[in-house]
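Let me begin by presenting the structure, written as structure tokens, before commenting on it.
The values are calculated or read from the model by the stated rules, or taken from the named source; none is laboratory data. Note that the structure is predicted; figures quoted are calculated from it, not measured. Because the Cβ atoms are built from the backbone with ideal geometry, glycine has one as well, and the counts that use them run over all protein chains shown.
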Amino acid sequence: MGAFKAWVVEKNEGGQSLAFRDFDEADLMEGDVTVRVSHSTLNYKDGLALTGKSPVVRRFPMIPGIDFAGTVETSDHPDYKPGDAVVLTGWGVGETHLGAYAEKARVKGDWLVPLPQGLSPEQAMAVGTAGYTAMLALMALDAHGVTPADGPALVTGASGGVGSVAVALLARAGWHVIASTGRAGETDYLKGLGAADILDRAELEKPGRPLGKERWAAAIDAVGSATLANVLAMTKADGAVAACGLAQGMDLPTSVAPFILRGVSLLGINSVTTPLPKRREAWGRIARELDLDKLAAMTRKVTLQEVGQLGDEILSGQVRGRTVVTVG
Ligand code: NDP
């Protein structure tokens with residue numbers, strides 16, 4: 001067994017420490033597939049794990065990093081053999097199971113999906129957990145039956161990772177997309193991804209009235225808190241809101257008014273434990289429906305060594321779009 005490079009979070013008296021160091025392969029956790037990681041990404045949750053600002057890490061030492069693409073090195077799982085290209089998101093990797101900011105990972109084969117046809121490992125990670133979650137949100141809106149003929153679709157946290165992919169996917173699906181952002185300087189960026197209108201997030205982030213003017217038929221919300229309450233209050237009758245994030249806060253200071261007076265639906269999105277058939281469907285749709293030029297336009301690349309320093313940047317809402325981590 002050899003050693004490989006990894007970011008490692010350790011618990012100490014002051015909270016936690018983070019170091020880039022050698023990690024012994026013998027110390028990897030149980031799993032039937034060992035993967036040579038080629039790419040990972042930076043998600044909001046990775047920011048929480050890297051900085052310790054919220055207790056997402058439940059086991060120490062921990063290798064953070066909640067998603068990866070790579071090549072199978074060894075496998076006892078019937079679906080995977082050495083050389084297969086695979087993708088992983090969720091399942092507690094980087095939280096309870098040793099994660100992706102490392103040259104190697106050992107996981108359950110049941111957690112993996114094959115690299116979707118038409119995407120390179122780097123493109124799959126440009127999508128990553130954030131983009132995959134945006135697709136789950138779009139699928140939830142589709143399943144609810146709301147369509148572009150019903151009115152516009154709002155995206156909150158639009159310049160972030162989930163938001164950027166959501167804007168591109170909704171625009172491609174024919175929606176008139178309203179992108180809510182706190183960054184006026186990103187107007188051209190968001191219009192380039194397909195946003196038709198820009199909404200200053202200041203209009204949404206303060207506590208508002210239980211019901212407001214009906215402005216959108218659908219929404220993908222990455223922000224939570226008062227923003228989500230206002231999004232619900234301004235959703236058209238029988239519309240739907242897919243809620244996936246908490247960038248503003250975990251609370252939801254709303255009333256039942258949007259639900260019982262307008263028939264608005266609140267659809268919860270959890271990307272971590274999505275069953276395999278739905279995962280495959282989501283990745284298949286991403287490969288078919290996401291414009292790869294737009295994906296490239298929303299993506300920057302950093303090295304494995306650099307990602308350890310980027311936790312504060314994403315938590316303070318300064319990261320635009322998606323960040324791919326080149327590992328191998
Ligand atoms: P990002 O940091 O890339 O995006 C979040 C965006 O939200 C920011 O770019 C910013 O957009 C906006 N924002 C940040 N702070 C605030 C604030 N205080 N008030 C209002 N808006 C704010 O993160 P991700 O895209 O990776 O994740 C977005 C959210 O989705 C996170 O909360 C994350 O935990 C959650 N998530 C949930 C998943 C699930 O399974 N349910 C899976 C993946 C992510 P702008 O500057 O444009 O306003």
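Give the number of residues within the stretch 298-328 that are assigned to a helix (DSSP H, G or I) and either more than 12 Å from the ligand (Cβ to nearest atom) or small (Gly, Ala, Ser) (or both).
The initial filter retains those residues of the stretch 298-328 that are assigned to a helix (DSSP H, G or I), namely 304-307, 311-315.
Retained after the next criterion (residues that are either more than 12 Å from the ligand (Cβ to nearest atom) or small (Gly, Ala, Ser) (or both)): 304-307, 311.
Total meeting the criteria: 5.
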query: Where residues in the stretch 43-74 are in contact with a helix residue (DSSP H, G or I) (Cβ under 6 Å, 6 or more places away or on another chain) and of a type in the set (A, V, I, L, M, F, W, C), which of them is nearest to residue 94 (Cα to Cα)?
result: 66
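Condition check ((1) without any contact (Cβ under 8 Å) to a residue 40 or more places away in the chain; (2) within 14 Å of residue 155 (Cβ to Cβ)) across all residues:
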| residue | (1), (2) |
| --- | --- |
| 185 | yes, no |
| 188 | yes, no |
| 191 | yes, yes |
| 208 | yes, no |
| 216 | no, yes |
| 222 | no, yes |
| 226 | yes, no |
| 232 | yes, no |
| 247 | no, yes |
- request: Report yes if residue 92 is on the phi > 0 side of the Ramachandran plot, assigned by TED's automatic domain parsing to the domain that holds residue 318 and not basic (Lys, Arg), otherwise no.
  value: yes
message: Given the condition assigned to a loop (DSSP other than H, G, I, E, B), near the ligand (Cβ under 9 Å from one of its atoms) and closer than 20 Å to residue 207 by Cα, answer yes or no: does some residue in the stretch 235-245 qualify?
response: yes
field: Residues within the stretch 172-191 that are over 15 Å from residue 160 (Cβ atoms) and charged (D, E, K, R), tallied
entry: 3
task: Being without any contact (Cβ under 8 Å) to a residue 60 or more places away in the chain, polar (S, T, N, Q) and in the same structural domain as residue 302 (by TED's automatic domain parsing) narrows it down to one of 40, 54, so name that one.
output: 54
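Right, residue 271: in contact with a strand residue (DSSP E or B) (Cβ under 6 Å, 6 or more places away or on another chain) and modelled with pLDDT of 95 or more or not?
So residue 271 fails the test.
Any residue at all in the stretch 208-215 that's among the acidic types (Asp, Glu) and under 19 Å from residue 135 (Cα atoms)?
Taking every residue of the stretch 208-215 in turn, none turns out to be among the acidic types (Asp, Glu) and under 19 Å from residue 135 (Cα atoms).
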- line: Within the stretch 187-226, residues being assigned to a loop (DSSP other than H, G, I, E, B), within 11 Å of the ligand (Cβ to nearest atom) and surrounded by fewer than 21 Cβ atoms within 10 Å (Cβ to Cβ) number 2
statement: Within the stretch 251-293, residues in a loop (DSSP other than H, G, I, E, B), away from the ligand (no atom under 16 Å from the Cβ), surrounded by 13 or more Cβ atoms within 10 Å (Cβ to Cβ) and without any contact (Cβ under 8 Å) to a residue 40 or more places away in the chain come out as 263, 264
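Can you name the strands (runs of 3 or more DSSP E) wholly within the stretch 95-186 that have at least 1 residues being within 16 Å of the ligand (Cβ to nearest atom)? Even if it seems obvious, please write down each step before you answer.
Details: elements: 104-107, 153-155, 177-181.
Where strands (runs of 3 or more DSSP E) fall fully within the stretch 95-186 and carry at least 1 residues being within 16 Å of the ligand (Cβ to nearest atom), they are 153-155, 177-181.
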